[in-house]
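Below: the structure, in structure tokens.
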Amino acid sequence: MTGVPGPGRGVFVTFEGGDGVGKTTQAALLQEWLTARGHTVVRTREPGGTEVGVLIRDIVLHHRGEIAPRAEALLYAADRAHHVEHLVRPALERGDVVIQDRYLDSSVAYQGAGRVLGREEVRDLSVWATEGLLPDLTVLLDLDPARARERLDADEKPFDRLESERGAFHDSVRAEFLALAEAEPDRFLVLDASRVPADLATDIQGRLQALLEADAGVVRAAD
Ligand code: TYD
């Protein structure tokens, strides 16, 4: 048994954390590692994983001026609903591994913590939008926002709406992610994102390996 998931039972992995913590780098390394082991991988992101999502992404990240908090939460949830129905769920039903940059935990952390909405209502909105689809594994890359900011500055890309928020906002986003991880320790793998990327990748691969083996075990038990 290779641990390659069969039809109808893909594996859903999400990467979470503040801006500039290295999610994209780790998602790419994991994709490479899984592909080399014969898995079909779908790599995607929110907001903006579909054509509709790209339009929504443009509003939430680049609109000049205020967006009402409820409208912002609904926009992210709308992107998520469309993305799950059109891309994520079909891939999981084919038995693929989906590696996704950000998912509902980002909504709870950004819209629920830093803004005026309650985390429960933000989460409930996403649960409704996705018909309850939760990741098998969520990798939280945790980093002091001041250090993440140095990385973003080094990139020399213009800041989007959320990246431009003040330091206190990013501190509360970080705290909210950590609280989410503490509440669901089985789903989350929390890593110190100041470590070297290759070491982080090894830890993530170890967790994936265990997940894929457990999955293969379930198939054997059901046979
Ligand atoms: P991201 O794609 O990580 O930005 P970049 O292209 O710069 O790497 O995320 C864009 C921003 O969207 C990020 O600041 C977090 C925010 N966001 C939310 O506020 N709520 C959400 O539900 C999601 C998915 C993202």
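Computed values, structure above
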read-out	value
Between region 74-147 and region 48-70, the alpha-carbon center distance in angstrom	15
Over the chain: helical MRE at 222 nm, DSSP H runs n ≥ 4 each giving -39500 (n - 2.57), nearest 500	-16500 deg cm²/dmol
In order through region 102-110: 3J(HN,Hα) via Karplus (6.51 cos²θ - 1.76 cosθ + 1.60), integer Hz, x for Gly, Pro	6, 8, 4, 5, 5, 5, 5, 5, 8
In Hz, Karplus ³J(HN,Hα) per residue of region 187-200 (6.51, -1.76, 1.60; θ = phi - 60°; x = Gly, Pro)	7, 9, 10, 9, 10, 7, 6, 7, 6, 5, x, 5, 5, 4
Karplus-derived 3J(HN,Hα), 6.51/-1.76/1.60, for each residue of region 12-26, Hz, glycine and proline x	10, 10, 10, 10, 10, x, x, 6, x, 8, x, 4, 5, 4, 5
Acute angle (nearest 10 degrees) that the helix 51-62 long axis makes with the longest principal axis of the chain, alpha-carbon atoms	30
Full-stretch length increase - ARG70, PHE159 - with 0.36 nm per residue and alpha-carbon distance subtracted	29.8 nm
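FYI, it's all coordinate maths here, none of it is from the lab. As the structure is a prediction and not an experimental result, all values here were calculated from the model.
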